[in-house]
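In what follows, a structure is listed as structure tokens, so that the remarks can point back to it.
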């Protein structure tokens with residue numbers, strides 16, 4: 001789960017990191033009032049889960065409250081990378097002497113948190129890593145001990161030569177690590193970390209991504225979820241315990257297991273179609289989940305054919321068959337359905353489906369090919 | 001022969017009286033796995049369906065039954081501690097089926113295990129099966145058969161699909177290992193390749209990877225340098241959009257890295273047969289002169 005910038009700023013502030021004032025507005029009038037309170041020049045920033053907000057016109061400088069109102073009016077409701085802007089953050093425009101980057105991620109390869117800092121901040125860090133890797137210092141942290149003071153100092157001195165800035169930077173990095181752990185984050189970054197003309201070190205923009213597996217034990221973080229920033233069908237799926245991602249094709253897929261679900265999408269493409277979605281109904285599926293899955297898939301107007309691909313292990317094929325029958329007896333399907341089932345209780349499932357007028361296949365390739373053909377080749 | 005589990009595996013089940021634990025313990029026993037103990041705190045002294053003694057702690061179970069492997073079916077929030085407990089009790093192999101374990105927990109668990117010489121498989125995995133010898137986890141026994149192909153995979157049902165294709169064509173397996181779909185796991189592709197290379201009964205290897213991370217790429221380089229047995233591989237997620245988590249916590253393309261295309265190219269470069277779909281597994285093995 002990704003946090004909005006204003007949420008990430010609040011977490012960093014709570015950890016003791018110097019973050020400029022700022023407030024969130026959902027209307028132009030609110031933005032104007034905040035700008036007036038802050039006084040002077042402000043920046044109005046779109047709050048969406050997308051990179052490149054500046055390039056998309058979602059970040060604007062305003063010299064007074066009236067201009068802040070005008071900018072907020074344009075930015076609110078704007079669509080950036082498919083996401084509608086519902087909120088803007090209004091912050092004072094900072095005077096900047098230098099910009100750097102500081103971040104910590106859960107690194108898959110080294111299996112521990114890794115800090116990454118660079119004096120070349122304010123821009124895309126992946127670009128810095130690709131073009132000028134010598135401008136980045138990486139440092140792995142033993143999660144049992146945390147970021148040790150001398151490690152933080154080493155990072156601080158990589159960013160700033162002057163101890164008057166390296167030392168506060170080191171403190172900020174230790175606070176950042178604390179915030180990272182407390183939030184159950186997989187990524188926490190400050191970009192840019194700036195120095196002001198007066199020499200203070202300040203976090204200007206923040207980004208935090210949280211490990212979904214942490215949410216159960218961190219209710220305060222889970223409460224930060226912004227459902228308005230997500231696709232409604234994906235929210236409905238998550239609430240039903242399904243894993244669903246909407247795509248643009250015509251073949252609606254319903255599969256048990258994430259790997260098989262991806263492989264099914266790939267096979268749709270292999271046979272010339274396009275998948276309409278990724279959908280994993282999970283391991284021990286009950287008929288109710290199948291009903292919800294079908295509701296979600298059929299609510300997509302692009303779907304021209306539905307494909308079930310079930311490999312019964314823990315999942316019992318007869319459960320899935322019962323779900324399909326229950327769902328289709330309530331609302332008749334407007335598009336054709338192809339069902340592939342194999343494994344646990346396959347015979348019972350085929351019987352249930354046949355009695356309800358469906359036919360079932362046992363071969364994955366045959367089923368996918370048929371679904372693609374029924375969807376008109378995905379076109 | 002096989003890797004990780006065999007006839008000498010003496011298994012303790014952590015969470016044996018839970019819904020998943022009891023269901024799968026029955027399946028493992030019926031398969032012939034030597035389940036010597038179960039653990040549920042507070043139920044020590046009882047028996048699991050008259051077949052397996054239950055203990056309060058793993059330490060007690062190991063002392064009483066000389067268990068040398070454990071399988072964990074406890075809820076995710078208890079899974080980290082369950083792994084520590086198994087390692088503290090001196091268990092050599094810990095298989096964690098539980099899904100949803102916080103990744104940060106794993107970064108602390110893994111060095112702890114390594115210091116004690118224990119191996120973790122998982123978390124968020126279907127476990128290990130050496131057909132005809134032992135099944136530790138949830139892989140359905142009936143789709144496997146004894147043979148000479150080693151299978152390693154990040155997925156569950158996709159593994160069953162591929163194993164099913166192998167079995168139907170007469171290609172049995174030495175061991176099938178599900179290493180799990182999380183970003184940080186105890187046993188990776190390289191560990192399994194190393195095991196299969198050293199196992200005389202394994203004559204060919206099937207690798208099933210997916211988008212996210214660089215494990216497959218590193219394994220391909222390792223295979224090129226160190227593995228003499230033929231390998232074929234599949235990568236799921238060729239149509240996955242970047243930046244989205246595809247069900248598995250670890251299945252995500254970050255930036256431009258971890259794509260299926262990148263992994264398939266690295267397979268190709270390192271001499272691994274690239275399956276475009278699950279049904280390619282048998283023809284590609286035959287192309288490499290592997291016989292059932």
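The values are calculated or read from the model by the stated rules, or taken from the named source; none is laboratory data. Here the structure is a predicted model, which is why all the values come from computation and not from measurement. So basically every Cβ, Gly included, is an ideal-geometry build from the backbone, and we count neighbours across all protein chains shown.
Given A:291, A:335, A:325, which one is in a loop (DSSP other than H, G, I, E, B) and more than 13 Å from every other protein chain (Cβ to nearest Cβ)?
Values: A:291 fails: in a loop (DSSP other than H, G, I, E, B); A:325 fails: in a loop (DSSP other than H, G, I, E, B).
Matching residue, one of A:291, A:335, A:325: A:335.
Evaluated against (1) over 21 Å from residue B:227 (Cα atoms); (2) touching a strand residue (DSSP E or B) at 6+ places or on another chain (Cβ under 7 Å); (3) buried (at least 22 other Cβ atoms within 10 Å of the Cβ); (4) facing another protein chain (nearest Cβ under 9 Å), residue B:182 falls short on exactly one condition, (2). So which residues in region B:225-249 are more than 7 Å from chain A (Cβ to nearest Cβ) and crowded, with 24+ Cβ neighbours inside 10 Å? Passing the criteria: B:231, B:232, B:233, B:234, B:235.
Filtering A:33, A:46 for residues that are in contact (Cβ under 8 Å) with a residue 12 or more places away in the chain and surrounded by fewer than 21 Cβ atoms within 10 Å (Cβ to Cβ) leaves a single hit, A:33. If only residues of region B:84-107 that are touching a strand residue (DSSP E or B) at 6+ places or on another chain (Cβ under 9 Å), more than 11 Å from chain A (Cβ to nearest Cβ) and free of Cβ contacts under 8 Å to residues at least 40 places away in the same chain are counted, the one that is nearest to residue A:185 (Cα to Cα) is B:87. Per the conditions (1) crowded, with 24+ Cβ neighbours inside 10 Å; (2) away from chain A (no Cβ under 12 Å); (3) free of Cβ contacts under 8 Å to residues at least 60 places away in the same chain, the sole criterion not satisfied by residue B:210 is (2). Total residues in region B:253-287 satisfying the condition of being over 25 Å from residue A:369 (Cα atoms), within 13 Å of chain A (Cβ to nearest Cβ) and either touching a helix residue (DSSP H, G or I) at 6+ places or on another chain (Cβ under 6 Å) or surrounded by 21 or more Cβ atoms within 10 Å (Cβ to Cβ) (or both): the figure is 4. Residue A:366 meets each of the listed conditions (1) part of a helix (DSSP H, G or I); (2) within 11 Å of another protein chain (Cβ to nearest Cβ); (3) surrounded by 20 or more Cβ atoms within 10 Å (Cβ to Cβ); (4) touching a strand residue (DSSP E or B) at 6+ places or on another chain (Cβ under 8 Å) apart from (3). Can you tell me which of A:273, A:282 is assigned to a loop (DSSP other than H, G, I, E, B) and at pLDDT 90 or above? Answer to the check: A:273. Within region A:235-270, track down each residue that is in a helix (DSSP H, G or I), surrounded by fewer than 24 Cβ atoms within 10 Å (Cβ to Cβ), in contact with a strand residue (DSSP E or B) (Cβ under 8 Å, 6 or more places away or on another chain) and facing chain B (nearest Cβ under 10 Å). Within region A:235-270, A:266, A:269 qualify. Looking at region B:138-167 only, could you name the residues that are within 12 Å of another protein chain (Cβ to nearest Cβ), assigned to a strand (DSSP E or B) and either more than 12 Å from the chain's Cα centre (by Cα) or surrounded by fewer than 21 Cβ atoms within 10 Å (Cβ to Cβ) (or both)? Within region B:138-167, none qualify. Every test in (1) at pLDDT below 95; (2) crowded, with 21+ Cβ neighbours inside 10 Å is passed by residue A:109 save one, and that test is (2). Determine if region A:214-227 includes at least one residue that is within 22 Å of residue B:240 (Cβ to Cβ) and touching a strand residue (DSSP E or B) at 6+ places or on another chain (Cβ under 8 Å). Looking for residues that are within 22 Å of residue B:240 (Cβ to Cβ) and touching a strand residue (DSSP E or B) at 6+ places or on another chain (Cβ under 8 Å), one finds none in region A:214-227, hence no. Take the conditions (1) part of a helix (DSSP H, G or I); (2) more than 19 Å from residue A:210 (Cβ to Cβ); (3) touching a strand residue (DSSP E or B) at 6+ places or on another chain (Cβ under 9 Å); residue A:157 misses just one of them, which is (3). Taken over region A:298-321, the criterion of being touching a residue at least 40 places away in the same chain (Cβ under 8 Å), surrounded by fewer than 24 Cβ atoms within 10 Å (Cβ to Cβ) and part of a helix (DSSP H, G or I) is satisfied by A:298 alone. Taken as a whole, region B:230-250 holds at least one residue that is in a loop (DSSP other than H, G, I, E, B), more than 30 Å from residue A:245 (Cα to Cα) and more than 20 Å from the chain's Cα centre (by Cα).
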